[in-house]
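In what follows, a structure is listed as structure tokens, so that the remarks can point back to it.
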Amino acid sequence: MQRSEFLSRYPASLGSAAFVDALLTRIRNDSGVDLVSQRAALISLCDQVGRATVLYRLADDNAQTNPINNRAFIDAEYNRSFVYTQYAGYLRRDADIGGFLFWLGKVNEFPIRNAEIQHTMVCAFITSREYQQRFSISVSRTNADCAQ
């Protein structure tokens with residue numbers, strides 16, 4: 001919260017309501033999740049214990065102890081991080097925007113944490129030419145192998 005990037009986006013001079021509104025706008029724009037129903041609770045939290053607690057509660061995945069209903073945001077970020085992890089882990093590079101959006105769209109078509117679509121996506125990454133050529137000069141697998 002002390003980094004210049006954070007402070008330029010959320011100056012210390014912002015009051016609680018303006019800070020929360022800026023966060024909720026950023027979340028909606030970046031992930032498509034609308035948490036406006038949690039606005040009053042977040043402002044109250046900011047007034048009582050500060051900005052850091054608001055950020056913590058927005059990211060807190062413990063539904064038992066978190067007073068903020070952030071499930072939609074957690075799920076959206078889960079899918080985004082799952083897709084990015086495939087690029088970083090298997091291909092060892094940043095995602096290209098076209099591929100990232102393609103796979104994110106595919107994952108978002110299914111229920112959250114759907115093992116079948118996750119398996120299909122992982123299989124597509126490890127049967128990709130890019131992945132196989134990291135370990136061998138020949139490409140012996142295709143996406144057809146994923147149908148088994």
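The values are calculated or read from the model by the stated rules, or taken from the named source; none is laboratory data. All figures in this text were calculated on a predicted structure; none of them were measured in a lab. For neighbour counting, all protein chains shown are included, and Cβ atoms are generated from backbone atoms with ideal geometry for every residue, glycine included. Only protein heavy atoms, including side chains, enter the accessible area calculation; ligands, DNA and RNA are left aside. Shrake-Rupley method; radii C 1.70, N 1.55, O 1.52, S 1.80 Å.
So what are the ³J(HN,Hα) numbers for the range 13-19, from phi and the Karplus equation (6.51, -1.76, 1.60; θ = phi - 60°), rounded to whole Hz, Gly and Pro as x?
Values, residue by residue: 6, 5, x, 4, 5, 5, 4 Hz.
Could you point to the label whose value was computed as Cα extents along the principal axes in Å for the structure here, given (i) 55, 47, 27; (ii) 38, 38, 30; (iii) 60, 32, 23?
(iii)
Rounded to the nearest 20 debye, what is the charge dipole size of the chain about its Cα centre when +1 sits on each Lys and Arg Cβ and -1 on each Asp and Glu Cβ?
Charge dipole of the chain: 260 debye, to the nearest 20.
Would you mind counting up the charge near Asn66? Only other residues with Cβ under 11 Å from its Cβ, with Lys and Arg at +1 and Asp and Glu at -1.
0
For the chain, which whole-number percentage of the solvent-accessible area (1.4 Å probe, protein heavy atoms only) is attributable to carbon and sulfur atoms?
Carbon with sulfur: 53 percent of the solvent-accessible area.
When the Cα centres of the range 94-148 and the range 1-69 are compared, how far apart do they sit, in Å?
The range 94-148 and the range 1-69 have Cα centres separated by 34 Å.
Treating the angle as unsigned and between 0 and 90°, give the value, to the nearest 10°, between the Cα long axis of helix 71-86 and the longest Cα principal axis of the chain.
For helix 71-86, the angle is close to 40 degrees.
What is the distance, in nm, between label points placed 7 Å from the Cα along the Cα-to-Cβ direction at Gln133 and at Arg9?
Going from the Gln133 label point to the Arg9 one covers 3.5 nm.
Roughly how tilted is helix 97-108, in degrees to the nearest 10 and between 0 and 90, from the longest Cα axis of the chain?
That works out to roughly 80 degrees.
Choose one of Ala22, Ala59, Gln2: the residue whose Cα lies farthest towards the positive end of the charge dipole of the range 1-112 (beta-carbon charges +1 Lys, Arg; -1 Asp, Glu; about the Cα centre).
Final value for the positive-end residue is Gln2.
May I ask you to give the solvent-accessible area per residue for the chain, in square angstrom, as obtained with a 1.4 angstrom probe? Intermediate values should be presented prior to the final figure.
Details: 9110 Å² over 148 residues.
The answer is 62 Å² per residue.
What is the extension gain from Asp21 to Arg93, computed as 0.36 nm multiplied by their sequence separation minus the C-alpha to C-alpha distance, in nm to one decimal?
22.5 nm
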